[in-house]
Amino acid sequence: MNNRTKDFLWKLKMLRQEPVLVLLIFILLAALSIFVIFPLVMIIRYSITTEDGTYTIQTIIDVIKNASYRLTFMNSVKLGVIAAGIATVIGYIFAFTITRTEVPCKGFLKTMATLPIISPPFVLSLSIIFLFGRKGLITNGILGITDFNVYGMHSLILVQSLSFFPIAYLTLSGILEAIDSSVEDAALNLGASRWKIFWTVTFPLSLPGIFSALLLVFIQSLQDFSNPAVIGGGYPTLGVEAYRVITGMYDLRTGAILSIMLLLPSLAAFLLQKYWVSGKGFVTVTGKPSQNRTKIDQKHIVIPLFTVCLMLCAVIILFYGTVIVGAFVKVWGIDYSFTFDHFRYVLSVGLKPLKNAILLALAATPIAGLTGMAIAFLTVRKKFIGKGYMSLSAMLTFALPGSVVGISYILAFNDKPFLLTGTAFILICVFVFRNLPVGIEGAKSALMQIDPSLEEASINMGANSFQTFFHVTLPLIKGAFFSGLVYSFVKSMTAVSAIIFIVSARWNVVTTRIFSLFEVSQYSDAAAYIVIMILVIMAAIYVLNFLVNLINSPQKTAKKTVKG
């Protein structure tokens with residue numbers, strides 16, 4: 001009997017001891033198969049078959065031969081590369097300034113550096129129309145330009161760079177904080193200048209984070225639908241083109257192929273980031289005690305970096321402030337009189353999509369949060385058959401563009417035995433499975449830092465895996481649990497591309513309503529929706545933080561028990 005067979009039999013023996021755990025694993029594997037893998041298989045199968053079910057790649061060849069579609073594909077890739085480069089530079093400046101220098105107002109800088117990631121879609125697109133459109137405050141109101149074209153690639157680069165630089169900032173700040181400062185301090189003590197230390201020590205050590213940030217922003221740019229749909233103008237991208245082909249030409253097959261064309265670079269970047277870049281790194285944390293990090297305080301370094309960060313913060317505040325002001329004026333660019341009319345409209349005629357969005361997000365958030373923690377716990381702490389499949393399929397949704405998810409769900413759940421289109425359930429499923437990866441990754445990172453002996457002690461004391469998870473593991477990873485809940489709620493409230501194909505008249509949501517307002521140029525009504533969404537998201541984050549803090553850590557529980 002070889003080692004592989006022994007390991008297989010040992011896994012079976014361990015699983016037999018906990019039948020409920022086996023049932024949970026089976027349910028999760030089945031759910032991931034049905035709601036992640038099955039729709040993906042359906043869209044690929046649909047792309048290579050004809051109406052009568054014959055397999056052929058002729059439609060794919062026709063699409064590839066189409067010069068217009070090839071140009072659209074290159075547009076998406078080009079935009080992704082440029083936006084990834086600019087966003088990574090901005091993210092690095094923020095991350096380096098906050099983690100490596102003695103600058104004031106670090107809390108403010110951190111807030112500004114993460115604000116775009118939790119804000120609704122359309123915010124920056126709407127603000128750029130308010131500021132630089134034909135009736136824009138800057139172009140028309142201040143400079144007197146009446147024919148400035150705000151639509152196109154230049155605006156998309158600006159908006160996507162500002163929208164996605166928080167991803168680069170969060171990735172790079174973690175890398176920079178993890179680099180052992182004694183390496184830089186040793187170079188400083190040997191007489192090297194700060195400039196030379198940066199280029200010979202800090203920058204090379206942060207290269208894995210830079211590549212990771214580039215790939216993550218590239219994926220987000222490719223998947224972005226709302227910004228290209230609103231301000232793309234004559235610069236078509238694949239996601240918007242797929243939507244136009246399906247809704248305007250009723251050609252679902254070509255739309256599916258265009259979405260798969262979008263999937264290929266996105267999936268390649270995801271696999272590259274997950275299995276190559278994330279495996280690269282330079283070990284600088286050796287376990288030996290190191291002195292506190294010496295922050296850079298030289299004025300000729302700190303002042304320029306702080307100034308650049310403040311200028312970027314000013315741009316962000318200008319863009320968000322413009323949208324807030326725009327919600328309170330009658331007609332932007334024509335009549336700046338103060339009014340509540342747009343909020344009256346939203347809270348009367350347009351209230352239903354908002355209520356639907358909140359209801360669906362509230363339903364999906366706890367399911368996504370707990371499912372993410374459970375998958376992370378199982379894949380990190382347990383050995384079972386199908387573990388690799390569970391890990392990969394759960395993370396796969398991060399690489400799937402929203403249009404791929406939306407079209408694949410139409411194909412997979414529009415017929416028996418999974419007839420779900422038009423229901424709230426299918427929307428909740430999209431939110432749950434699409435938002436799992438962030439919670440899983442956060443929980444995995446947290447679990448890696450927790451000694452397994454804590455859980456083993458619980459099991460040795462007679463607790464089963466569920467009791468151990470809820471009373472020992474979950475309290476210790478509640479930070480990741482909170483992040484997963486917030487991410488899930490925000491993304492459920494702000495989803496556009498994944499649901500624009502599957503919303504129904506009964507379950508229309510606020511983002512599709514905002515998108516329709518853009519199409520008829522009711523920008524101030526859209527701004528009122530966005531302001532209310534920001535308030536709802538802020539309130540939800542506060543409530544989630546309060547609820548997660550109610551989960552006591554084992555240490556606190558033990559202290560209370562001792563005091564009692």
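Under 5 Å between amide H atoms, partner at least 5 residues away or on a different chain: which partners does residue 49 have, H built in plane at 1.01 Å?
The answer is 56.
To the nearest 500 deg cm²/dmol, what mean residue ellipticity at 222 nm is calculated for the chain from DSSP H runs of n ≥ 4 alone, each contributing -39,500 (n - 2.57), summed and divided by the residues?
Details: 27 runs with 381 residues, N = 564.
The helix contribution divided over the chain gives -22000 deg cm²/dmol.
Figure the gain on full extension for residue 516 and residue 381 (residue separation times 0.36 nm, minus the Cα-Cα span) and round it to one decimal in nm.
On the way: separation 135, 0.36 × 135 = 48.60 nm, distance 4.64 nm.
Length difference between fully extended and current span is 44.0 nm.
Size of the dipole of region 35-144 about the Cα centre, Lys and Arg at +1 and Asp and Glu at -1 on the beta carbon, nothing else charged, in debye to 20? Intermediate results must be reported in sequence, preceding the final value.
Working: 9 positive and 4 negative charges, 86 e Å.
Around 420 debye, computed over region 35-144.
Which chymotrypsin sites (Phe, Trp or Tyr not before Pro) in region 160-234 pass both tests, a DSSP loop state and at most 16 other beta-carbon atoms within 10 Å?
On the way: sites: 164, 169, 195, 198, 199, 211, 218, 225; in loops: 225.
Nothing satisfies the criteria.
Ignoring GluC sites (Glu not before Pro) that are buried or in helix or strand per DSSP, and keeping those with at most 15 other beta carbon atoms within 10 Å, what is the longest stretch of the chain between them? Don't skip to the answer; put the middle values down first.
Working: sites that count: 51, 102.
In short, 103-564.
Can you pull the percent of region 452-549's accessible area that's carbon plus sulfur, 1.4 Å probe, other chains left in place? Mind showing how you got there, number by number?
Numbers: 2570 of 4010 Å².
Whole-percent figure for carbon plus sulfur exposure: 64.
Could you calculate the contour length gain from residue 545 to residue 250, that is, 0.36 nm times the residue separation minus the distance between their Cα atoms, to one decimal place in nm?
Working: separation 295, 0.36 × 295 = 106.20 nm, distance 4.44 nm.
Extra length available between residue 545 and residue 250 comes to 101.8 nm.
Among [x] 73, 72, 55; [y] 77, 57, 46; [z] 72, 55, 43, which one is Cα extents along the principal axes in Å computed from these coordinates?
Only one listed value fits the structure, namely [x].
What's the percent breakdown of Cα-Cα distances in region 180-231 across 10 Å bins, shortest bin first?
Binned Cα distances yield the sequence 22, 30, 19, 16, 11, 2.
Subtract the Cα-Cα distance of residue 38 and residue 64 from 0.36 nm times their separation in residues, and report this length gain in nm to one decimal. It would help to have the intermediate numbers written out before the result.
On the way: separation 26, 0.36 × 26 = 9.36 nm, distance 2.54 nm.
Once the chain is fully extended between residue 38 and residue 64, it gains 6.8 nm.
Taking +1 at the Cβ of each Lys and Arg and -1 at the Cβ of each Asp and Glu, which of 210, 331, 233 sits farthest along the dipole of the chain towards its positive end, judged by Cα position relative to the Cα centre?
About the Cα centre, the residue reaching furthest to the positive side is 210.
For the cross-link pairs 106/355; 196/295; 382/491; 330/491, which exceed 27 Å when the distance is taken from alpha carbon to alpha carbon?
Numbers: 106/355 36 Å; 196/295 16 Å; 382/491 29 Å; 330/491 30 Å.
Those over the limit are 106/355; 382/491; 330/491.
Using a 1.4 angstrom probe on heavy atoms only, work out the carbon and sulfur share of the accessible area of region 169-216 in %.
On region 169-216, the fraction of accessible area on carbon and sulfur atoms equals 71 percent.
Scan around residue 296 for amide H atoms under 5 Å from its own, H built in the peptide plane at 1.01 Å from N, and keep only partners 5 or more places away or cross-chain.
Those lying under 5 Å, H to H, from residue 296 are 101, 102.
Checking the cross-link filter: which aspartates and glutamates have an alpha carbon closer than 20 Å to that of residue 110, excluding same-chain neighbours under 8 positions apart?
Answer for residue 110, where 20 Å is the Cα cut-off: 102, 177, 297, listed by chain and number.
Let me have the relative contact order for the chain, percent, based on Cα pairs under 8 Å that are six or more residues apart.
Numbers: 740 pairs, mean separation 113.1, N = 564.
Across the chain, relative contact order equals 20 percent.
Which of 190, 300, 262 sits closest to the plus end of the dipole of the chain, meaning its Cα is farthest towards the positive end, when Lys and Arg get +1 and Asp and Glu get -1 on the C-beta?
The listed residue farthest towards the positive side: 190.
Where the only charges are on Cβ atoms (+1 Lys, Arg; -1 Asp, Glu), what is the dipole of the chain about its Cα centre, to the nearest 20 debye? Walk me through the numbers before you get to the answer.
Details: 43 positive and 24 negative charges, 256 e Å.
Around 1240 debye, computed over the chain.
Could you give the accessible area per residue of region 451-560, probe 1.4 Å, as a whole number in Å²?
Numbers: 4950 Å² over 110 residues.
That works out to 45 Å² for each residue.
The values are calculated or read from the model by the stated rules, or taken from the named source; none is laboratory data. Worth saying up front: this structure is predicted, and the values here are computed from it rather than measured. Glycine gets a Cβ as well: all are built from the backbone with ideal geometry, and neighbour counts include every protein chain shown. Heavy atoms of the whole protein, side chains included, go into the accessibility calculation; ligands, DNA and RNA do not. Shrake-Rupley method; radii C 1.70, N 1.55, O 1.52, S 1.80 Å.
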